[in-house]
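A short write-up of the structure that comes next.
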Amino acid sequence: MLFRACPKLTMKQRVVTGIIFTMVILAFVVPGYFFPYILTSFLTIVVFMGMRELISCVKTKGITPSSGLSYLGALLSLLPIVVLPFSHSPWVAISVYSLSVLMFSIIGAILVVIVHDNEHAFIDGVSTVSMSVYLSFPIACANIILLYFDKGWYFFVIGLFAPWISDVFAYFTGSLIGKRKIVPHISPKKTWEGCIGGAVFCSALMALFFGLVMHDVLDTSISVSSTVIFAGLGGLFISVVSQFGDWMASAIKRWAGIKDFSNLLPGHGGILDRFDSTLFSFPVTLVLALIFL
C-alpha cells in the first residue's frame, strides 16, 4: 500500500478545519503588526512542529537522523533575533545565518557519522543537516523580514498568503479546465492549466495589492505603473517558486509512502502540508523587501 490509510472526511469537515486554521493564523498575524515578536514566536512553533513531522517522515524509510541535532538546526532560524541587538542590517543577519548553517552542516554531518555506528550513518547525517536547512532557512528569512524592515510586516503577509492564494486558484483552475498533467509521478492531480492559473491570479492580485496599498505604504518615488509591473512579476515568481515548494513536499511524501505529514489538521494534513509552499516563498519575499525597502 503506497500511502498510510487515513479516515475519510466530508467537505464540511475540511472547510471547518480550514476556517479554524485561518482564524488561528490571523490571531498571530494581526497583532503581529504591532508586536512582531508574536509572529517570530509563531514561526518558532511552526519550525519545531515541522521538524517533528520531518523526522517522523524519514524514519518510515529506516533513516534515523539525530533528533537533537535536527532541533538544534531548527534553532538556527532564530539567529536573526540574536543578531538584532548588535546590528540592524539585514545583510549582517543573512551573513551570520549563512556562515552558521554552513559550519553546522559540516560539523553536524560528521558528528552523526561518528555517533551512528551503522551502514546508514552517512545518510543519517546528510538527512539531519538537510532537514535543518530546509526548515531553518525560510524561517530565518521570515524573521529578517519582520525585524529588520520598518514595513516588514506587509512583506511577511505577502510571503505567507501569496502561496495560499496561488494554491487556491491553481486548484480551481485545474478542477475546471485542467487536462495536461505536469508532474504525475510526484503529484498526479497537478496540471499545467492549474499551475498557470495559479500563477496568473497570484500575479494579478499582487499587482493590485501593490498598486492600491503598498505604493502608498512604501512612500516610494517609483511610479505606480512601475511598481505594479514589478509587483506583478514578483507575484508570478512567488507563485512559481511556491509551487516548486509544494512539489518538493509531495516528492518527499511519495518517497516516504505517506499521504500527509501528520493528521494535525483533519483534511489538510500537518504543519508542513500547510506551509510547504510558504517555505519557498519567504526567501523570495525577502529579496523583494531588500529591493523595495
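The values are calculated or read from the model by the stated rules, or taken from the named source; none is laboratory data. Given the structure is predicted, the values throughout are model-derived calculations rather than measurements. Positions of Cβ are generated from backbone atoms using ideal geometry, with glycine treated the same way; all protein chains shown enter the neighbour counts.
Of note:
- For M51: the one exception among (1) on the phi > 0 side of the Ramachandran plot; (2) part of a helix (DSSP H, G or I): (1)
- Of all the numbered requirements in (1) over 21 Å from R274 (Cβ atoms); (2) buried (at least 16 other Cβ atoms within 10 Å of the Cβ), V115 misses one, and that requirement is (2).
- Of all residues in segment 53-71, those satisfying the criterion of being of a type outside the set (F, W, Y) and without any contact (Cβ under 8 Å) to a residue 24 or more places away in the chain are K59, S67, G68.
- Test: residue in segment 225-246 that is without any contact (Cβ under 8 Å) to a residue 60 or more places away in the chain and among the charged types (D, E, K, R): no
- Remark: pairs (first residue in segment 267-293, at positive phi and not assigned by TED's automatic domain parsing to the domain that holds I45; second residue surrounded by fewer than 23 Cβ atoms within 10 Å (Cβ to Cβ) and among the aliphatic types (A, V, I, L, M); Cβ separation under 6 Å; 6+ apart in sequence or on different chains) = G267/L9.
- Qualifying residue in segment 171-184 (condition: closer than 19 Å to L286 by Cβ and either of a type outside the set (S, T, Y) or buried (at least 23 other Cβ atoms within 10 Å of the Cβ) (or both)): no
- For segment 193-203, the condition of being surrounded by fewer than 19 Cβ atoms within 10 Å (Cβ to Cβ), outside the structural domain of L54 (by TED's automatic domain parsing) and on the phi > 0 side of the Ramachandran plot holds for none of the residues.
- Single residue of G245, G234, G267 found to be part of a loop (DSSP other than H, G, I, E, B) and crowded, with 19+ Cβ neighbours inside 10 Å: G267
- Of the set (1) without any contact (Cβ under 8 Å) to a residue 40 or more places away in the chain; (2) within 30 Å of V168 (Cα to Cα), all apply to V46 but (1).
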